[in-house]
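The values are calculated or read from the model by the stated rules, or taken from the named source; none is laboratory data. Quick caveat, the model's predicted, so the values are computed rather than measured. Because the Cβ atoms are built from the backbone with ideal geometry, glycine has one as well, and the counts that use them run over all protein chains shown. Remember, those area values only see protein heavy atoms, side chains included, never the ligands or the DNA or RNA. Shrake-Rupley method; radii C 1.70, N 1.55, O 1.52, S 1.80 Å.
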Amino acid sequence: MKLINSVLAAVLLAGSPLLADEEKGTTIEKVQPAPHSFQLGTEVIQKIRADYQAGKYNDFLQDMDKAYQNAKKENQLEGLIQFRKESATDIPLDQFIKKSEVIHLQKEKELLAAIEDEGNSVLGQKVKSAIAPVSDSFYPLNQLRQKAPGSGKNADENKLIDIDFEHEFKASHLDSLVARGEKVVDRKEKHIVLAMQKMDKMLAAAKSFSDEGLKSLVEQTHKGLDTYLAKRYDLTDLNALANGKIKPSTALEEKIASTLSKTQDKIAELNRDLFSQLSDKEVKK
C-alpha cells in the first residue's frame, strides 16, 4: 500500500508539474454558471500578482507562516516527511509517461480543430493557453516533491527542498481548513499566491547558490511562473466543463468537454494499469 501511495504522488508529478497540490485545492469549488463567467488566465494571474505585490495577501501569508511554525514546534510534520520518503522509491513511470504524452498530443490536436473558427474568442484563447508548452525547468523542480528534507544532492538542493516542503504543508493546511468546515474566501487565488511566494523564496535562495545548474533552473522557472499559472487556471476551467462543474451551453463547449472527458478516461485507464502492475508485484513479494 505504501508503494501505491508513492506511485500516486509520482503520477501527479508527471501529469501536473509544479502545481499538483493547487489542482487538489480546486475540487470543492462551487459550480459556476456558463458561459459568461470565463476569464482569461493571464488577466486573473496579472491581478493576483499585482495584489500579492501590493501586500493584499500579507495577513493570509502570515497566518500560513504561523501554522507552519506551530506544526514544526508540535512535531506535526513527521507524517508528511514520511510520505516523501516513501515517494522517493524508484517507480517505473517511463511507459506511463510515454503513453500519456501520446494521449495528450491527440487531445491538443482535437482541441485546436474545435477552436479553428473561434480562436480569438475567450474560450479559444483559453484552449491555446491550456495546451501551450512550458519551460523544461518546471518538471525537475517539481521532482523535489518526492524528496524529504535533508535528502538533496547538495546544500543548495536541500534549501529548495525545505522551501518546497513548507509550501506543500501550507497548501494542504489551506485545504484542511475547508475540510473542517471553515469558510475560506478566494481559496483558489490563495493557492496561486502560495505558489508565487514559493518561487520568490526559491529565487532569493538561489542567488547564493554555488550549483549553477540548479540556480539556472530556479531562474527559468521563476521567469515563466505567471505564464504557467495562467495555463493551469485556464486548464482548470476547461476541465470543469468536462467534469460537469460548468454545464456546456454551446457547441464549442460541448466539443471541448467531450475531448477532455475522453482524455481523462484514457489517463485513468493508464493509472489503473500501473496500479494493477504494482499491486501484482507486491502480492508476489
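How long is the gain from E212 to K99 if the chain were fully straight, where each residue apart is worth 0.36 nm and the alpha carbon distance is subtracted?
Details: separation 113, 0.36 × 113 = 40.68 nm, distance 3.32 nm.
Additional length available on full extension: 37.4 nm.
Using the C-alpha atoms of region 133-285, what convex hull volume per residue, in cubic angstrom, is computed? Spell out each step's value before the answer.
Details: hull volume 26.4 nm³, N = 153.
Normalising the Cα hull of region 133-285 by residue number yields 172 Å³.
Assuming 0.36 nm per residue, please report the length gained on full extension of the stretch R49 to F275 beyond their Cα-Cα distance.
77.5 nm
Where does region 166-250 land on Rg/Rh, using Cα atoms and the Kirkwood Rh?
Values: Rg = 16.5 Å, Rh = 15.1 Å.
Ratio value, two decimals: 1.09.
Skip the ligands, DNA and RNA, and give the accessible area per residue of region 142-206 with a 1.4 Å probe, whole Å². Working shown, then result.
Values: 2470 Å² over 65 residues.
In whole numbers, region 142-206 has 38 Å² accessible per residue.
Given N residues in region 81-174, what is its alpha carbon radius of gyration divided by 2.2 N^0.38 Å?
Details: Rg = 18.2 Å, N = 94, 2.2 N^0.38 = 12.4 Å.
So region 81-174 has a normalised radius of gyration of 1.47.
So what's Rg/Rh here for region 125-176, counting alpha carbon atoms and using the Kirkwood radius for Rh? The partial results should precede the final answer.
Details: Rg = 14.4 Å, Rh = 12.8 Å.
The Rg/Rh ratio comes out at 1.12.
Roll a 1.4 angstrom probe over the protein heavy atoms and tell me the percent of accessible area of region 42-139 that is carbon or sulfur. All intermediate terms of the calculation are to be shown ahead of the outcome.
On the way: 3010 of 6190 Å².
C and S fraction of accessible area: 49 percent.
Along Cα→Cβ, 7 Å out, is where each label goes; now give me the distance between the ones at D200 and Q62 in nm to one decimal.
1.4
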